[in-house]
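Below: the structure, in C-alpha cells.
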Amino acid sequence: MAVPEFIVPPPGLIPDAPQPAEPERTVHPARPDERTDSTVRALPGRALPTFTPVPSGPPAASVAVPAALRPAPVEAQLAGVVFELVSAAGETVELAGRVIVGRNPVADVARPDARPIALVDPTRTVSKTHALVEVREGRVVITDLHSTNGVAVQAGGGELTVLDPGAPADVEPGSTLRLGDLALTLRRTTSTTV
C-alpha cells in the first residue's frame, strides 16, 4: 500500500492548524447586487408514492380434505435423509436447516435460526462468515455472504460455476463446493438414528 505524501486532518482536530477557506460566493447574473452561495445543500425530503398491490388471482377456496388423503409434509417424506459436507481431510459437517459456515462465523441478526459452524481452513482463504447453506424441502441451497474469495460450485466433475454474492443457488449431491480454495463435497446420506 502506498503511503500518502500528506494527510489533511479534519477541521478542529489540531488547535493551531489553519482553518479551511470560506466557500466562494458567486454573483448571480440577473441580480448583480446579490451574492449566491455555491455550497451544495440537501433538499427537503418528500413523500414517496404509494401503491396498493393487485391480487394475483382469485381468493383461495377453503376445502376440507380428509387426513388420509392429504399428502405427507415434505419433512416427513424426507425423514432420515441427511446432507453433509465432507472436506478432503475427511472432516464432516452435517447440514440441518440453515447453517452459516466460515473460518469463525457469528450468528446473523438477519438469520437468527441459522447456526454458525466453523470450518478448518488450511488454505486460509475462507472468510470469517463465508456462506449460508440451507436444506429446503429435500434440496440444498447455498448463498455467498459477500465473502472475500467467493463461492464456486462444480457439479459432478463438470465446469466450475462462480456464484454471485447474495444470490442463492441449488446444489446437487455429489457436487464440490469451493469456499475460497477450500473444497467440500456435498453428500446425501440416510440417518441411522430413530
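Read the figures in this text as sums done on the coordinates, not as results from a lab. Small disclaimer: the values here were computed from a predicted structure and weren't measured. Cβ: placed from backbone, ideal geometry, glycine included. Neighbour counts: every protein chain shown.
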(Q) Given contacts defined as C-alpha pairs under 8 Å and at least six residues apart, what's the relative contact order of the stretch 98-194, whole-number percent? (A) 22 percent
(Q) Suppose we keep just the alpha-carbon trace of the stretch 124-168; what are its Rg and Dmax in angstrom? (A) 11.1, 33
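Any idea what the dipole of the stretch 128-174 comes to, in debye rounded to 20, about its Cα centre with Lys/Arg Cβ at +1 and Asp/Glu Cβ at -1?
Numbers: 3 positive and 7 negative charges, 36 e Å.
Using Cβ point charges on Lys, Arg, Asp and Glu, the stretch 128-174 gives about 180 debye.
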